[in-house]
Amino acid sequence: MGLQQNQITELRAELEKQAIIDEVQEDQINKLEKELVKQREKTTFATKISLKVLKEIEKETRKQVTTAVIAAFGFLIALVWKDAITLYTNNFISFLKFPSPGSFQILYTAVITTFLSVIGIIVIGRINPTKEEILKQGLK
């Protein structure tokens with residue numbers, strides 16, 4: 001009977017040790033589950049930020065491509081107008097009877113074109129609202 005008592009005591013001690021080990025492992029599992037939840041939240045947050053950044057990049061890319069296409073059309077229009085302006089400026093120079101060796105005719109064309117362009121820029125600058133005017137209208 002003493003041997004059985006000894007074995008029972010040893011088994012109880014072993015069961016108590018196992019219960020303590022189980023408790024420690026359960027605590028570790030709970031900590032790991034909490035950490036997993038935190039990591040999932042961080043991942044979700046990072047994913048949301050990444051998606052926002054990607055949307056902003058897409059938006060900015062579209063804006064830049066649109067600007068480039070508009071600039072290309074503007075350049076095409078400028079090339080077409082260049083020929084028309086050159087023709088009519090040459091006719092105007094001939095009408096005014098300016099001395100017109102080839103180099104002077106190009107110089108006259110450049111001066112008159114620059115003058116007309118500056119006037120156009122001034123007119124457009126007065127028509128288009130400035131940044132301050134836009135902000136004032138936005139605040140009203």
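Looking at Ile93, is it at pLDDT below 90, touching a Phe, Trp or Tyr at 6+ places or on another chain (Cβ under 8 Å) and closer than 30 Å to Phe115 by Cβ?
Against the criterion (at pLDDT below 90, touching a Phe, Trp or Tyr at 6+ places or on another chain (Cβ under 8 Å) and closer than 30 Å to Phe115 by Cβ), Ile93 qualifies.
A quick yes/no check of all residues on (1) in contact with a helix residue (DSSP H, G or I) (Cβ under 9 Å, 6 or more places away or on another chain); (2) modelled with pLDDT under 90; (3) farther than 30 Å from Gly120 by Cα; (4) among the acidic types (Asp, Glu):
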residue: Met1; (1), (2), (3), (4): no, yes, yes, no
residue: Glu10; (1), (2), (3), (4): no, yes, yes, yes
residue: Ile29; (1), (2), (3), (4): no, no, yes, no
residue: Lys52; (1), (2), (3), (4): no, no, yes, no
residue: Ile57; (1), (2), (3), (4): no, no, yes, no
residue: Val69; (1), (2), (3), (4): no, yes, no, no
residue: Phe73; (1), (2), (3), (4): no, yes, no, no
residue: Leu87; (1), (2), (3), (4): no, yes, no, no
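Mind checking whether some residue in region 32-42 is touching a helix residue (DSSP H, G or I) at 6+ places or on another chain (Cβ under 9 Å) and surrounded by 10 or more Cβ atoms within 10 Å (Cβ to Cβ)?
Taking every residue of region 32-42 in turn, none turns out to be touching a helix residue (DSSP H, G or I) at 6+ places or on another chain (Cβ under 9 Å) and surrounded by 10 or more Cβ atoms within 10 Å (Cβ to Cβ).
The values are calculated or read from the model by the stated rules, or taken from the named source; none is laboratory data. Nothing here was measured: the structure is a model prediction, and the numbers come from that model. Because the Cβ atoms are built from the backbone with ideal geometry, glycine has one as well, and the counts that use them run over all protein chains shown.
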